[in-house]
Amino acid sequence: MPEEKLIIDPAAHPALSIYKLLIGSVVPRPIAFVSSISADGVYNLAPFSFFNAVCAEPPVITFACGVRVPEKDTLANVRATGEFVVNSVSEEIAAQMNLCSGEYIAGVDEFQVSGLTPVRSDLVRPPRVAESLINMECKVVQIVDVSKRPHGGSLVIGEVVRFHINRGLFENFRIDPEELHAIGRMGGAGYTRTRDRFEMERPRV
């Protein structure tokens, strides 16, 4: 017999409580390590765990940025330039990624904070992270301001115009997860590795 379930009405509880519930329920979440650049040329690098792929033709990905006052540098930069890069996060750079998650004052260059290496992109102004095994150069398709409330957010939708992939990961357009060592976000301060996997073939109907 299934265990009795709690019934929770989001409207009846504080937004912070619902945020905790949401990030503990939607797991594991991939991490978009987003590099951007301000109109004045200042680099920014920040992780976002509200992130996923949207479609393949054209290749489109999305990440969500929480509401901040003043607006987070990443979102302000993306609005100003219409460009960003999503860099993969492997176990090997987890600590550096975490350093970039701090609430730094505007104008701080997280490449310098983390010691990660900016590399020139091909088609967009924001740099790539050299230590990331996959980089996706993106141009903004749309920014949807979902909610301006304190725990609201804006959805950034971008078309991938260039992939950069370490050769050891790539074979016949498939990425080898054994070499990628991707990590994901759980609730609170929790993260997960992607080493324990299993396969199931989709039913043929």
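The values are calculated or read from the model by the stated rules, or taken from the named source; none is laboratory data. These numbers were taken from a predicted model, which means no experiment stands behind them. Cβ coordinates were reconstructed from backbone atoms using ideal geometry, including for glycine residues, and neighbour counts include every protein chain displayed.
Details
- Restricting region 6-31 to residues that are part of a loop (DSSP other than H, G, I, E, B) and β-branched (Val, Ile, Thr) leaves a set whose member that is surrounded by the fewest Cβ atoms within 10 Å (Cβ to Cβ) is Ile7.
- Screening the candidates Ser101, Ser88 for the property of being at pLDDT 95 or above, on the phi < 0 side of the Ramachandran plot and in contact with a Ser or Thr (Cβ under 6 Å, 6 or more places away or on another chain) yields one hit, Ser88.
- Within region 59-85, the set of residues being among the small types (Gly, Ala, Ser) and either at negative phi or at pLDDT below 95 (or both) comprises Ala64, Gly66, Ala76, Ala80.
- Pair list, Cβ < 7 Å and 6+ apart or interchain, from region 116-136 residues that are under 14 Å from Ala94 (Cα atoms) to residues that are outside any loop (DSSP other than H, G, I, E, B) and of a type in the set (Gly, Ala, Ser): Val129/Ser35; Leu133/Ser90
- From the options Leu116, Leu155, Leu180, residue that is at pLDDT 95 or above and under 16 Å from Ala76 (Cα atoms): Leu155
- Residues that are part of a loop (DSSP other than H, G, I, E, B) and either in contact with a Pro (Cβ under 7 Å, 6 or more places away or on another chain) or touching a residue at least 40 places away in the same chain (Cβ under 8 Å) (or both) within region 84-107 comprise Ser88, Val89, Cys100, Ser101, Ala106, Gly107, listed in sequence order.
- Selection within region 42-58: residues that are in contact with an Asp or Glu (Cβ under 9 Å, 6 or more places away or on another chain) and either modelled with pLDDT under 95 or farther than 12 Å from Ser114 by Cα (or both). The member of this set that is surrounded by the most Cβ atoms within 10 Å (Cβ to Cβ) is Tyr43.
- Counting only strands (runs of 3 or more DSSP E) that sit completely within region 32-72, those holding 2 or more residues that are within 14 Å of the chain's Cα centre (by Cα) and under 24 Å from Gly107 (Cβ atoms) correspond to 32-37, 43-48, 59-66.
- In region 1-39, the residues that are among the basic types (Lys, Arg) and over 30 Å from Asp73 (Cα atoms): Lys5
- Checking every residue in region 126-146 against the condition of being in contact with a Pro (Cβ under 6 Å, 6 or more places away or on another chain), more than 21 Å from Asp40 (Cβ to Cβ) and modelled with pLDDT of 95 or more gives zero matches.
- Considering region 120-205, the qualifying strands (runs of 3 or more DSSP E), each wholly inside and each with 1 or more residues that are among the hydrophobic types (A, V, I, L, M, F, W, C) and under 30 Å from Ile37 (Cβ atoms), run over 134-147, 153-165, 183-185.
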